[in-house]
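The values are calculated or read from the model by the stated rules, or taken from the named source; none is laboratory data. Here the structure is a predicted model, which is why all the values come from computation and not from measurement. All Cβ positions, even for glycine, are placed from backbone atoms using ideal geometry, and neighbour counts span all protein chains on display. Each accessible area value is taken on the protein alone, full model and side chains, heavy atoms only, with ligands, DNA and RNA left out. Shrake-Rupley method; radii C 1.70, N 1.55, O 1.52, S 1.80 Å.
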Amino acid sequence: MQPLLASAVRLSIVAALAAVEKAEFAYVRDLVELTDSALSKQVSRLDEAGWVPVEKGQVGRRTRTWLRLTEDGAAAYLGHLAALTVIAGPLQ
């Protein structure tokens, strides 16, 4: 189990990013139903672990922020899911 993913919010963020190459900050915010500041705080923790780097860029005149899951982040997520599966036992 990954202690960092024990938080349902961080697990939701990582799960959302596992399904895509990268996602805009606003998309993830809306998907996991967080405020900008709450998502930013959780992403900072995941970024410190090297799992979810933050990329900023311009689209036209607007600044955009993208999030993506690194290989280490994906491995941690899959390991966490495997551990949860062992704990939950077989599904019938």
Subset of the stretch 53-92 [of a type in the set (Asp, Glu) and not in a helix (DSSP H, G or I)]: Glu55
Gly50 fails exactly one of (1) within 19 Å of Met1 (Cβ to Cβ); (2) assigned to a helix (DSSP H, G or I), namely (2)
Restricting the search to the stretch 41-77, which residues are free of Cβ contacts under 8 Å to residues at least 40 places away in the same chain, open to solvent by 50 Å² or more (accessible area, probe 1.4 Å) and touching a helix residue (DSSP H, G or I) at 6+ places or on another chain (Cβ under 8 Å)? Val54
Within the stretch 1-26, can you find the residues that are open to solvent by 30 Å² or more (accessible area, probe 1.4 Å) and of a type in the set (Lys, Arg)? Lys22
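Taking the condition under 16 Å from Ala6 (Cα atoms), modelled with pLDDT of 95 or more and of a type in the set (Ser, Thr, Tyr), does Tyr77 pass?
On the way: under 16 Å from Ala6 (Cα atoms): yes; modelled with pLDDT of 95 or more: yes; of a type in the set (Ser, Thr, Tyr): yes.
When the stated conditions are applied, Tyr77 passes them.
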Can you work out which of the residues in the stretch 27-40 that are assigned to a helix (DSSP H, G or I), out of contact with any Leu (no Cβ under 6 Å at 6 or more places or on another chain) and without any contact (Cβ under 8 Å) to a residue 24 or more places away in the chain is surrounded by the fewest Cβ atoms within 10 Å (Cβ to Cβ)? Ser37
